[in-house]
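A.B. asks: Below is the structure I would like to discuss, written out as structure tokens.
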Amino acid sequence: MSSTSPPLDDVFLLGGELPVRRLGYGTAQLTGPGYWGPRGERQDAVAVLRAAVERGVTLIDTADNYGPGLAEELVAEALHPYREHLVIATKGGVVRTSDSAWHVAGRPEQLRAMCEASLRRLRTDRIDLYQLHRLDPDVPMADQLGTLDALRQEGKIRHIGLDTLTADQLEQALSLTGIASVQNRFNLLDRSSDAVLKVCEAHHLAFLPWFPLANGALTGEAAAALAGVADRHGATRGQIALAWLLHRSPALCPTPGTGSPVHLAENLGAREIRLSAEDMSCLEALAPA
């Protein structure tokens, strides 16, 4: 076995036709605690979004309930009119009534209204990637995906994505319509969606892992071995965690978020790290059984 991993493919073809750099930017951290209300000054959020694009990010991942509505408005304020190769992804299907209240809302009329509202906030006629934030257990999957498919046929959605589902549910969804992406929790310390990742690889779907930095857990004792790999590369633990995702599978397209220009630069620096086979073996062993 070679002592180093094969060269990384920095680009993923979303839906088989939209090229995006695999390390993107997520907007959740531009809003307040619980993804509710603003975080800091509006102009700072706008500046970070613009810095991400200037640093080569081509995939911006947001959601209608971050704020609610605020994150999408910030994306439009910072980046509209959108550059030709910039891909904007957003999500619908969840209604927020407080910083801790999330209500799944997958009825066809709700999904259509949410998509229309996102189009207005993002100041666009078509959303590149519209993701169903959660499957509504009280609405047949065919009805939910049928609504999104109708919106796609109307030209309001370019590609459809799904968030937080099982491998069996993903296979069912693929039998109903074309799917371009999945968002499940997946990171160095949580591989519980590995079966979903395998389906994504088999069908050439993008897997946008949420909590790619393990929501702060990388500093705990469970990830102490991460420090050794980071030290060997002169990198931070977070950079190694992101580099591991990029090396783990060509389908993984992490979109870490931050409101800090310094942290943004740190995250994007993970693109330059090349992990050895020994590094990967050490990191693979970090996940709990």
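A.B. asks: For Leu162, list long-range residues whose amide hydrogen, built 1.01 Å from N in the peptide plane, is under 5 Å from its own amide hydrogen.
C.D. replies: Leu132, Ser181, Val182, Gln183
A.B. asks: Now for a different question. Nearest 5 is fine: what % of DSSP beta bridges in the chain come out antiparallel, could you say? Walk me through the intermediate numbers first.
C.D. replies: On the way: 11 of 34 bridges.
Looking only at bridges with both residues in the chain, the antiparallel portion is about 30 percent.
A.B. asks: Quick one: pull the percent of accessible area on the chain belonging to carbon and sulfur, 1.4 Å probe, ligands and nucleic acids left out.
C.D. replies: Values: 6470 of 12320 Å².
Carbon-and-sulfur percentage of accessible area, whole number: 53.
A.B. asks: Additional query: Check which residues have an amide H placed less than 5 Å from Leu59's amide H, if you skip close sequence neighbours.
C.D. replies: Arg21, Tyr25, Val87
A.B. asks: Hey, another quick one. Need the full-extension length gain, His103 to Asp149, defined as separation in residues times 0.36 nm minus the C-alpha distance. One decimal, nm. Could the numbers behind the result be given before it?
C.D. replies: Numbers: separation 46, 0.36 × 46 = 16.56 nm, distance 2.25 nm.
Once the chain is fully extended between His103 and Asp149, it gains 14.3 nm.
A.B. asks: Sort 242-255, 169-182 for me by packing, meaning the mean count of neighbouring Cβ atoms within 10 Å per residue, highest on top. If you can, show how the numbers build up before the last one.
C.D. replies: Numbers: 242-255: 23.2, 169-182: 18.4.
Peptide ranking by packing, descending: 242-255, 169-182.
A.B. asks: Can you give me the accessible area per residue for the chain, using a 1.4 Å probe, in Å²?
C.D. replies: Details: 12320 Å² over 289 residues.
In whole numbers, the chain has 43 Å² accessible per residue.
A.B. asks: For the range 96-108, just list the computed ³J(HN,Hα) in residue order, Karplus coefficients 6.51, -1.76 and 1.60, θ = phi - 60°, integers in Hz, with x standing in for Gly and Pro.
C.D. replies: For the range 96-108, the Karplus curve yields 9, 10, 6, 5, 10, 10, 10, 10, 5, 9, x, 5, x Hz.
A.B. asks: Further question on the same structure: Which log10 I(q)/I(0) values, to two decimals, does the range 169-241 give at q = 0.14, 0.24 Å⁻¹ under the Debye formula with one point per Cα?
C.D. replies: Debye intensities relative to I(0), on a log10 scale: -0.54, -1.00.
A.B. asks: If amide H atoms are built 1.01 Å from N in the plane of the peptide, which residues on other chains or at least 5 residues away come under 5 Å of the amide H of Leu252?
C.D. replies: The list, which skips near neighbours in sequence, is Phe207.
A.B. asks: Suppose only helical runs count, i.e. DSSP H with n ≥ 4. What mean residue ellipticity at 222 nm does that imply for the chain under -39500 (n - 2.57) per run, divided by all residues and rounded to the nearest 500 deg cm²/dmol?
C.D. replies: Working: 10 runs with 108 residues, N = 289.
Taken over the chain, the calculation gives -11000 deg cm²/dmol.
The values are calculated or read from the model by the stated rules, or taken from the named source; none is laboratory data. Source: prediction; values computed, not measured. With ideal geometry, Cβ positions are generated from the backbone for all residues, glycine too; neighbour counts draw on all protein chains shown. Just so you know, the surface numbers come from the protein's heavy atoms only, side chains and all, with ligands and any DNA or RNA stripped out. Shrake-Rupley method; radii C 1.70, N 1.55, O 1.52, S 1.80 Å.
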